[in-house]
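The values are calculated or read from the model by the stated rules, or taken from the named source; none is laboratory data. Treat the numbers as computed from the prediction; the structure is a model and nothing was measured. Cβ: placed from backbone, ideal geometry, glycine included. Neighbour counts: every protein chain shown.
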Amino acid sequence: MTKVKVRNTGDRPIQVGSHFHFFEANKALDFDRAAAFGKRLNITATTAIRFEPGDEIEVSLIPFGGKQAIYGFNNLVDGWAGDSMVATGERAEKRIAIQRAIDNGFKSSN
């Protein structure tokens, strides 16, 4: 389980559902996106967490199960999102997704 502090820097409430790829959550949410890669909220299915403007909340994240293939959401990954390392460090898929998030204006505290 991974814990991250999340701050809503926007001017509107943001709600994130239980099975949303948290790495790809709303651009105005500021948190360590690299730590959230391949993970979802550790909450009951069909529920959500609401982030009011200015709120900072610590959330628990767990890895997606199954093949860990993630498609859609904000199209930052569209492929494998597992967290296994390779001899050279982070997997290329993760580095590419992080760069896409930066290029598309997603806030990240890392």
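Somewhere in the stretch 73-85, is a residue among the polar types (S, T, N, Q), modelled with pLDDT of 85 or more and touching a strand residue (DSSP E or B) at 6+ places or on another chain (Cβ under 9 Å)?
No; the residues of the stretch 73-85 include none that is among the polar types (S, T, N, Q), modelled with pLDDT of 85 or more and touching a strand residue (DSSP E or B) at 6+ places or on another chain (Cβ under 9 Å).
Within the group GLY38, GLY10, which residue is among the small types (Gly, Ala, Ser), in contact (Cβ under 8 Å) with a residue 24 or more places away in the chain and in contact with a strand residue (DSSP E or B) (Cβ under 6 Å, 6 or more places away or on another chain)? Quick ask: steps written out before the conclusion?
Numbers: GLY10 fails: in contact with a strand residue (DSSP E or B) (Cβ under 6 Å, 6 or more places away or on another chain).
Testing whether each residue is among the small types (Gly, Ala, Ser), in contact (Cβ under 8 Å) with a residue 24 or more places away in the chain and in contact with a strand residue (DSSP E or B) (Cβ under 6 Å, 6 or more places away or on another chain) leaves just GLY38.
State all residues of the stretch 38-54 that are buried (at least 20 other Cβ atoms within 10 Å of the Cβ) and either at pLDDT 95 or above or within 11 Å of PHE20 (Cβ to Cβ) (or both); if no residue qualifies, say none. It would help to see each step written out before you state the result.
Let us first name the residues in the stretch 38-54 that are buried (at least 20 other Cβ atoms within 10 Å of the Cβ), namely 38-41, 51.
Of everything in the stretch 38-54, those that are buried (at least 20 other Cβ atoms within 10 Å of the Cβ) and either at pLDDT 95 or above or within 11 Å of PHE20 (Cβ to Cβ) (or both) turn out to be LYS39, ARG40, LEU41, PHE51.
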